[in-house]
1. Please check: in the Gaussian network model of the chain (C-alpha springs, under 10 Å), which one of 131, 24, 93 has the largest mean-square fluctuation.
2. Quick one, which of [x] 13.1; [y] 25.3; [z] 8.3 is the actual mean projected area of the Cα convex hull in nm² calculated for this model?
3. Given 5 Å bins starting at zero, what is the percent of C-alpha pairs of segment 65-133 in each, up to the one with the largest pair distance?
4. Going by C-beta contacts inside 10 Å, put 83, 46 in order with the fewest on the left.
5. Once both axes come from the Cα atoms, what is the angle between helix 113-125 and the longest principal axis of the chain, in degrees from 0 to 90, rounded to 10?
6. What 222 nm value per residue comes from the helices of the chain, counting each DSSP H run with n ≥ 4 as -39,500 (n - 2.57) and dividing by all residues, nearest 500 deg cm²/dmol?
7. From Cα pairs below 8 angstrom and at least 6 apart in sequence, can you work out the relative contact order of segment 65-133, rounded to a whole percent?
8. Which value in nm describes the separation of the simple spin-label points at residue 45 and residue 72, placed 7 Å from the Cα toward the beta carbon?
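Every number here is computed from the coordinates shown, using simple stated rules; none is lab data. Everything quoted here is computed from the prediction, not taken from an experiment. We place every Cβ from the backbone using ideal geometry, glycine too, and count neighbours over all the protein chains shown.
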Amino acid sequence: MAMSVGGNTGGPVSEINVTPLADVMLVLLIIFMITAPLMSHPITVTVPIANPKSAEPKAPDTPPLDLAIKEDGSMYFQDQQITEASLKQQLAVAAQKTPQPELQIRAEKAIEWKIVRKVISDAKGQGMVHVGFMTTAPAKE
C-alpha cells in the first residue's frame, strides 16, 4: 500500500505503483506453470501424402448433352432441331444411362426465364440429375 506523508497534498505522486505489475507477473507465472508441462510432451501428426495419379483430372466417362435454346424458343439438342416432346424422350433415354451424362443448357441472353425453367423441370421430371448451364466468355477488346 502506497502512502505519502508530508505537506504536499495536491501535487503529482512520483512513486511507482507496483501492485498492477505484481498482478500481471502472477498471472504470467500461472500461465507458464500450466503450459510448461504440455510443451514437454511431443505430439505426432501424420500428414497424408498426395498421390500424383489422383491429381490428374479425370476425363469424363460420358460426353455431356448439349441443348441450345434460341431467342424464339426453338431448341437444338446435340445441334439438331428438336421439339419439346421428342426432347423429353431423349432425356428419358439419357437418364437411364450409367453414368448419367450432364445436360448442358445454352440459352440466349434475351430469352424469357420461364422457357428455361420449363426445360429444367422437364429434364428433372425425366430423371436427369446433372443439369448445368454454359455461358460465353466476355469479348476481349
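1. Among 131, 24, 93, the largest GNM mean-square fluctuation belongs to 24.
2. Given [x] 13.1; [y] 25.3; [z] 8.3, the calculated one carries the label [y].
3. For segment 65-133, the binned pair fractions read 4, 18, 32, 28, 13, 4, 1 percent.
4. Final ranking by Cβ density, sparse to dense: 46, 83.
5. Roughly 80 degrees, rounded to the nearest 10.
6. Estimated from H runs of four or more residues: -11000 deg cm²/dmol.
7. 38 percent
8. Computed distance between label sites residue 45 and residue 72 equals 6.3 nm.
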